[in-house]
Structure formats: C-alpha cells, structure tokens
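Chemist: Mind having a look at this structure? Questions to follow.
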Amino acid sequence: MKITIKRNAVGDLMTTGKHIGTIVSVEMDLSKALDAQTHWADQTPELKVFVRNAQGAYITCWLHLGAYKNSNDFPSGVAPKGFEFRSFNADSEKFLVEKKTNKRVASPERLEKMLAKVGNLASVAGIEGEDIDINDLVAELEGKEVGVDVRENNLGRVEVYNFLPAIEVLEAIEA
C-alpha cells in the first residue's frame, strides 16, 4: 500500500480586521490541563467556536464559561490565608488558588461578563429570545453568519476580539 504524502490545506488564519464568516462548528470544551502543583488543578469550561470566511480563512474562538478571582480583586496584593496567586506564565493574570485543593476560586462577577460575551454571539448570530440553554445554543450556532473582529493580542497572536452582526461588517466594507 502506498500513501500519498501531501499536506491537506485547511486555509489561512484570519488576519487582523473585520471579517464576515460562517460558524462551521461549535462544541463544549475544557481548557488545557496544567500541572496542578505549579498552576492549578481545575480546567475552565469553554465554548469553542470555529469560523471560516468565504476566502477559506478561519479562526477559532474559545469563550470561557467559567471565571475566577485574581490578584486585582485584592487591593493589598496579598492573598488570604490558605490561598496564593498563581499564573499560567509571566505575562498572564494571577488567579487566586486554594492551596489545599489547588483549585481556582470562582468569581460570579467575572462569570457574568464572560456569559455576556456568549450572549452577544447568540444575538449577532440572529438567535432570538431572552435566554437559551447552552446545549441548545451549541446546536443553534452552527451555520450562522457573523461578523468577526480579529485583533492582535499582547503576545502577537491574532484572536477574536468581538463578534458583530455580519451586516455591520458588510456595510463598513461597502462604505
């Protein structure tokens, strides 16, 4: 049996700017597991959204469905007894981690902001109603057309900054 050696092209990564794309897939996911002793033992639930534009360029966005307290929540900069601040790397925020369990401490205030981003995606994708179960949302989003604002982060990587109504992006392109 002979195998043809050829890389399958999946398209280019979307560049910075505003794009119109179709949501190709949506799935529930968990953030990458980290070393519990160095970082933390828990993983963040995420909504993984894969978008492709008409030219074949793509981008994946991970919308967090969990949020955690960090050093900014403590004006003194000192973690409470039994807790410490830990970060993923030198450039990332420092999360409050319980020493006994090695788990981050949930932040209802930050979670509200994270879920608002998911609600925004649902709205700009044209999903109607006041609320929707996350599992139903996963099924509803596939195939929807959205605007995608792609920006470069402080590490030099492109990422989804925001989802917009596709019509707003189209109007800006035509203007």
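Rule-based calculations on the coordinates, nothing more; no lab input. Because the structure is a prediction, the values reported are computed rather than measured. Heads up, the Cβs are rebuilt from the backbone with ideal geometry, glycines too, and the neighbour counts pull from every protein chain shown.
Chemist: Once label points are set 7 Å from the Cα along Cα→Cβ at both E130 and L34, what is their separation, rounded to one decimal in nm?
Modeler: Result: 3.8 nm between the two label points.
Chemist: Then there is this: On a full-extension model of 0.36 nm per residue, what is the gain between A172 and L13, subtracting their alpha-carbon distance, rounded to one decimal in nm?
Modeler: Net length gain for the segment: 55.1 nm.
Chemist: Taking H as built 1.01 Å from N, whose amide H comes closer than 5 Å to the amide H of F83, not counting residues under 5 places away?
Modeler: Amide H to amide H, under 5 Å and 5 or more residues apart or across chains, F83 pairs with K99.
Chemist: Work out from phi, with θ = phi - 60° and the Karplus expression 6.51 cos²θ - 1.76 cosθ + 1.60, the ³J(HN,Hα) of each residue of region 92-105, listed in order in whole Hz, and give x for Gly and Pro.
Modeler: 9, 5, 9, 8, 7, 10, 6, 4, 5, 9, 6, 10, 6, 8
Chemist: Let me make sure I get this right: for region 84-129, a, b and c are the square roots of the gyration tensor eigenvalues over alpha carbons, sorted descending. Under 1.5 in a/c it's rounded, otherwise prolate if a/b > b/c, else oblate. Which is it?
Modeler: Prolate.
Chemist: Tell me the label only: which of (1) 150; (2) 104; (3) 190 is volume of the Cα convex hull per residue in Å³ as calculated from this structure?
Modeler: Answer by label: (3).
Chemist: Run the numbers on the chain and let me know its relative contact order in percent, using alpha-carbon pairs under 8 Å that are six or more apart.
Modeler: Worked out over the chain, it gives 26 percent.
Chemist: Among the lysines, which have Cα under 25 Å from the Cα of K117 when same-chain residues fewer than 8 positions away are ignored?
Modeler: K18, K32, K48, K69, K94, K103, K144
Chemist: Oh, and also: Rounded to the nearest 20 Debye, what is the dipole magnitude of the chain about its Cα centre when Lys and Arg each give +1 and Asp and Glu each give -1 at the C-beta?
Modeler: Result for the chain is approximately 1060 debye, rounded to the nearest 20.
Chemist: Given 0.36 nm per residue, what is the gain on full extension from K113 to S76 after removing their alpha carbon distance, in nm?
Modeler: 10.9 nm
Chemist: If amide hydrogens are placed 1.01 Å from N in the peptide plane, which non-local residues have theirs closer than 5 Å to the one on K144?
Modeler: Residues meeting the amide H criterion: I23.
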